[in-house]
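J.: Submitted below is the structure of interest, expressed as structure tokens.
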Amino acid sequence: MPHRYFTTEISNGTATLRGADAHHLSRVMRGKLGDTVILCDGNAVEYTATITGFGPETVEFSVEPGYPSAAEPSVEVTLFVGYPKQDKLEQVIRHGVELGCTHFVPFFSRYCVAAPKKEEQKNERYNRIAFEAAKQCGRGVLPDVALPLPNFGALCRSLEGYDLVLFCYELGGAPLRQLLADAKPADGQRLKIALITGAEGGFAAEEAEMAANAGVKTVGLGPRILRCETAPLAVLSAVMTLTGNLE
């Protein structure tokens, strides 16, 4: 398989790769004139590219006409994740990218064990993790990680624009399969789904009530208690399976 790289500098049959990826291709992989790689513009379009030259910090290519990335799911999923302690959020981001999630939004809630600390610095790291995971697994877009929301109320105020919002609650709820079957995309194209999972302490009763008042659909994830780093990946996998994106 050819190596894959993201670049936005693609036009008129040529492309340029810069920075760390250019260094990786030219110095680490020892790329040569005539070698072929796959370039992606970050908007789900891929290009077969042939190396035509090297600069001090760049690699130049000729590119064939672009084609849609086969790696992008038919649904656009945003994962709202209760902020966990230690490195659990990194695990969720890395594996969530592999499973097809496009956006990650951490949030603090009443029973979160973690507390805000150096979040802008952490966010840079989280987005690097998402970027590297996207390259590794062959994604056609660059998933993003937002700065954390300060509380559950802020989360509820940010739920407009989705076709379906699913609140994963330990007390159970409606069947996930039926909710997905009934959902229709407002734009007639890709279904936009938001998934909400909690941190180690779960959700307070008033937060569940806030979610219901915001119009979200409450779902359960089976009779077993899932860890906070397991739940988002479990529901994401279920959504991808039930929408035909793991076939």
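J.: Name the residues in the stretch 155-185 that are within 30 Å of K122 (Cβ to Cβ) and exposed (fewer than 13 other Cβ atoms within 10 Å of the Cβ), would you?
T.: R157, E160, G161
J.: Tell me, which residue of the stretch 122-148 that is small (G, A, S) and part of a loop (DSSP other than H, G, I, E, B) is most open to solvent (accessible area, probe 1.4 Å)?
T.: Looking at residues that are small (G, A, S) and part of a loop (DSSP other than H, G, I, E, B), I get A146.
J.: Now for a separate question. Name the pairs: first residue in the stretch 76-91 and modelled with pLDDT of 95 or more, second residue open to solvent by 10 Å² or more (accessible area, probe 1.4 Å) and among the aromatic types (F, W, Y), Cβ to Cβ under 6 Å, at least 6 apart or on different chains?
T.: Y83/F108
J.: If we scan the stretch 203-210, do we find a residue that is surrounded by 18 or more Cβ atoms within 10 Å (Cβ to Cβ) and within 11 Å of D163 (Cα to Cα)?
T.: Among the residues of the stretch 203-210, not one is surrounded by 18 or more Cβ atoms within 10 Å (Cβ to Cβ) and within 11 Å of D163 (Cα to Cα), which makes the answer no.
J.: Which condition does E72 not pass, out of (1) in a loop (DSSP other than H, G, I, E, B); (2) closer than 18 Å to F152 by Cβ, if it passes all the others?
T.: Going through the list (1) in a loop (DSSP other than H, G, I, E, B); (2) closer than 18 Å to F152 by Cβ, E72 breaks only (2).
J.: In the stretch 186-200, what residues are open to solvent by 40 Å² or more (accessible area, probe 1.4 Å) and not in a strand (DSSP E or B)?
T.: A186, D187, G188, Q189, R190, E200
J.: Name the pairs whose Cβ atoms lie under 6 Å apart, with the first residue in the stretch 95-116 and farther than 28 Å from K135 by Cβ and not assigned by TED's automatic domain parsing to the domain that holds N151, the second of a type in the set (A, V, I, L, M, F, W, C) and surrounded by 23 or more Cβ atoms within 10 Å (Cβ to Cβ), and 6 or more positions between them or separate chains?
T.: Pairs that qualify, where the first residue is farther than 28 Å from K135 by Cβ and not assigned by TED's automatic domain parsing to the domain that holds N151 and the partner is of a type in the set (A, V, I, L, M, F, W, C) and surrounded by 23 or more Cβ atoms within 10 Å (Cβ to Cβ): there are none.
The values are calculated or read from the model by the stated rules, or taken from the named source; none is laboratory data. The model shown is predicted, which means the values in this text are computed figures rather than measured ones. No Cβ is skipped: glycine too gets one built from the backbone with ideal geometry, and neighbour counts run over all protein chains shown. In case anyone asks, the SASA skips ligands and DNA or RNA and just uses the protein heavy atoms, side chains included. Shrake-Rupley method; radii C 1.70, N 1.55, O 1.52, S 1.80 Å.
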